[in-house]
Amino acid sequence: MPKQFLSIFRDRPLILQTLDRVRKEFNSGDRLLVIPERLRKLTRKFCGREPVVVEPVGRNTAPAICLAAMTLIRRRGDGVMHVMPADHLIEPKMA
């Protein structure tokens, strides 16, 4: 099972923790998950109807970010993109 779908550091999988953070700041039309084909069914199971783009060929993080940027430019025009990997633990900022 890929680590983003495991509940390693809390009672929720990392991918759902990531979505919890972005749902507070961005509506559905402003979010986009970039995933490899092999994770399509698992992503739908965990993430439901989140907007998804499937990588034509898995080439790791940088090409996935490029695919997201090209997709967003085509759909929304120029803008700012925020990248949040779903397989990292992000702790709250300490005061």
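The values are calculated or read from the model by the stated rules, or taken from the named source; none is laboratory data. Quick caveat, the model's predicted, so the values are computed rather than measured. Here Cβ is always computed from backbone atoms with ideal geometry, including for glycine, and neighbour counts include all displayed protein chains. When the accessible area is computed, the model is the full protein with side chains, heavy atoms only, and any ligands, DNA or RNA have been set aside. Shrake-Rupley method; radii C 1.70, N 1.55, O 1.52, S 1.80 Å.
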Test: residue in region 58-74 that is over 13 Å from the mean Cα position of the chain (by Cα) and under 25 Å from P92 (Cβ atoms): no
Can you confirm whether region 61-80 contains a residue that is touching a Pro at 6+ places or on another chain (Cβ under 9 Å), outside any helix (DSSP H, G or I), within 20 Å of M1 (Cα to Cα) and free of Cβ contacts under 8 Å to residues at least 60 places away in the same chain?
no
In region 18-44, anything crowded, with 19+ Cβ neighbours inside 10 Å and farther than 20 Å from T71 by Cα is listed as T18
Filtering region 45-60 down to residues that are part of a loop (DSSP other than H, G, I, E, B) and open to solvent by 90 Å² or more (accessible area, probe 1.4 Å) yields R49, P56, R59, N60
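The rows are residues; the columns are (1) touching a helix residue (DSSP H, G or I) at 6+ places or on another chain (Cβ under 9 Å); (2) of a type outside the set (S, T, Y).
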residue: P2; (1), (2): yes, yes
residue: T18; (1), (2): yes, no
residue: G29; (1), (2): yes, yes
residue: R38; (1), (2): no, yes
residue: R44; (1), (2): no, yes
residue: P51; (1), (2): yes, yes
residue: G77; (1), (2): no, yes
residue: P85; (1), (2): yes, yes
Only unsatisfied item for R10, checking (1) in a loop (DSSP other than H, G, I, E, B); (2) closer than 24 Å to V80 by Cα; (3) basic (K, R), is (2)
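Quick check on this structure: which one of K93, K45 is among the charged types (D, E, K, R) and modelled with pLDDT under 90?
Numbers: K45 fails: modelled with pLDDT under 90.
From the options K93, K45, the qualifying one is K93.
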